[in-house]
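> Got a structure for you, written out below as structure tokens; questions coming shortly.
The values are calculated or read from the model by the stated rules, or taken from the named source; none is laboratory data. What you see is a predicted model; the values in this text were computed from it and never measured. Cβ placement follows ideal geometry from the backbone for every residue including glycine, while neighbour counts extend to all protein chains displayed.
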Amino acid sequence: MTESGVENVPRAGAAPEASRADVPPAVADGAMLVVRGLTRTYGKVRAVDDLSFTMPPGEVWGFIGPNGAGKTTTMRIAATLDLPDSGDVWVDGVSALVEPREVRRRVGFMADQFAAYPNLTVQPYLEFFARAYGLRGRARRMAVDAVTEFCGLREFLNRPTTGLSKGMGQRLHLAKTLLHDPKLLILDEPTAGLDPRARIEFRTLVRELAAAGKSVLISSHILSELEEACDGVLVIERGRLVVDGNLDTVSGTLLGHCTVRLRALA
């Protein structure tokens, strides 16, 4: 795989010290994503609070929690776009703090907002990001062609990015994320604001990516929205892990804490 040219990613402050001696056993066991003791504060707000979890390779995991639970902060740290106050993240055995450039070659991060470029059509949009990832010549053309075909963008190549529907815009956003063939996809609420059909189509693309060997961490604040797409689920609230595991285990645990009160009107 051609190395990414995206080197100067904004970083928040100096990186905490990270020791290879502190690498968790799950990293050596081949886990795709390992988060250990992750803490991140913004002023007096603790967005992520000593968060730890492990995600196996080749699976789709839902990252569930209400708005403000710490999902985006965790994802940004895993994608090397932010730094924790403490803790570390390993992607495919590589520390995000010790070797961030190597992590960027392995991760495709799709933010929750698609940034359309005015006066730019789909084809040059993808060409631009392919060059930013360090792809040149035939490799760039093949990558753009592959993501265009996979995301169903062939007939939209000459369409302005600002003229795409919400659903097609998300497909273009995903295509851009796939250009450098990452092992781990981190998708921050990619189906938010989509109509029911577009949500189903996007979930189908996610399952196809998993079938092709990709690992996918996809966030939402609604568990039922991801049930059909996920192999496992992580639920967080106020920056802390509530429960993780397969859907049956998680659903049973959450339902066990629910209290429903009904009052009949006379």
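> Restricting attention to region 49-68, which residues are within 11 Å of Ser219 (Cα to Cα) and touching a strand residue (DSSP E or B) at 6+ places or on another chain (Cβ under 8 Å)?
Val60, Trp61, Gly62, Phe63, Ile64, Gly65, Pro66
> Right, something else. I'm trying to understand the selection: among the residues of region 205-232, which are within 26 Å of Tyr42 (Cα to Cα) and either at pLDDT below 95 or charged (D, E, K, R) (or both)?
Ser219, Ser220, His221, Ile222
> Sort out which residues of region 166-207 are within 18 Å of Gly108 (Cβ to Cβ), basic (Lys, Arg) and touching a Phe, Trp or Tyr at 6+ places or on another chain (Cβ under 9 Å), and write them in order of number.
Correct list: Arg171, Lys176.
> Looking at (1) in contact (Cβ under 8 Å) with a residue 12 or more places away in the chain; (2) over 18 Å from Asp49 (Cα atoms); (3) of a type outside the set (A, V, I, L, M), which is the one condition that is false for Gly87?
(2)
> Let me ask another. Please report, ordered by residue number, the strands (runs of 3 or more DSSP E) entirely within region 39-105 with at least 1 residues that are more than 28 Å from Leu209 (Cα to Cα) and more than 14 Å from the chain's Cα centre (by Cα). Full working, then the answer.
Numbers: elements: 45-55, 60-64, 86-91.
Where strands (runs of 3 or more DSSP E) fall fully within region 39-105 and carry at least 1 residues being more than 28 Å from Leu209 (Cα to Cα) and more than 14 Å from the chain's Cα centre (by Cα), they are 45-55, 86-91.
> Let me ask you something else. Inside region 109-150, can you point out the residues that are farther than 23 Å from Val91 by Cβ, in contact with a helix residue (DSSP H, G or I) (Cβ under 8 Å, 6 or more places away or on another chain), modelled with pLDDT of 95 or more and not basic (Lys, Arg)?
Across region 109-150, the qualifying residues are Thr121, Val122, Gln123, Tyr125, Leu126, Glu127, Val144, Thr148.
> Quick check on Gly108: is it surrounded by 15 or more Cβ atoms within 10 Å (Cβ to Cβ), among the small types (Gly, Ala, Ser), touching a Leu at 6+ places or on another chain (Cβ under 7 Å) and touching a residue at least 24 places away in the same chain (Cβ under 8 Å)?
Spelling it out, Gly108 is indeed surrounded by 15 or more Cβ atoms within 10 Å (Cβ to Cβ), among the small types (Gly, Ala, Ser), touching a Leu at 6+ places or on another chain (Cβ under 7 Å) and touching a residue at least 24 places away in the same chain (Cβ under 8 Å).
> Still on this structure, please answer the following. Tell me which residues, restricted to region 131-161, are touching a strand residue (DSSP E or B) at 6+ places or on another chain (Cβ under 8 Å), surrounded by 12 or more Cβ atoms within 10 Å (Cβ to Cβ) and not in a helix (DSSP H, G or I).
Leu157, Arg159, Pro160
> Across region 54-85, which residue is surrounded by the fewest Cβ atoms within 10 Å (Cβ to Cβ) among those that are within 28 Å of Thr204 (Cβ to Cβ) and β-branched (Val, Ile, Thr)?
Result: Thr54.
> Something else now. On the basis of being in contact (Cβ under 8 Å) with a residue 40 or more places away in the chain, over 21 Å from Gly70 (Cα atoms), of a type in the set (Asp, Glu) and outside any strand (DSSP E or B), does Glu208 make the cut?
Spelling it out, Glu208 is indeed in contact (Cβ under 8 Å) with a residue 40 or more places away in the chain, over 21 Å from Gly70 (Cα atoms), of a type in the set (Asp, Glu) and outside any strand (DSSP E or B).
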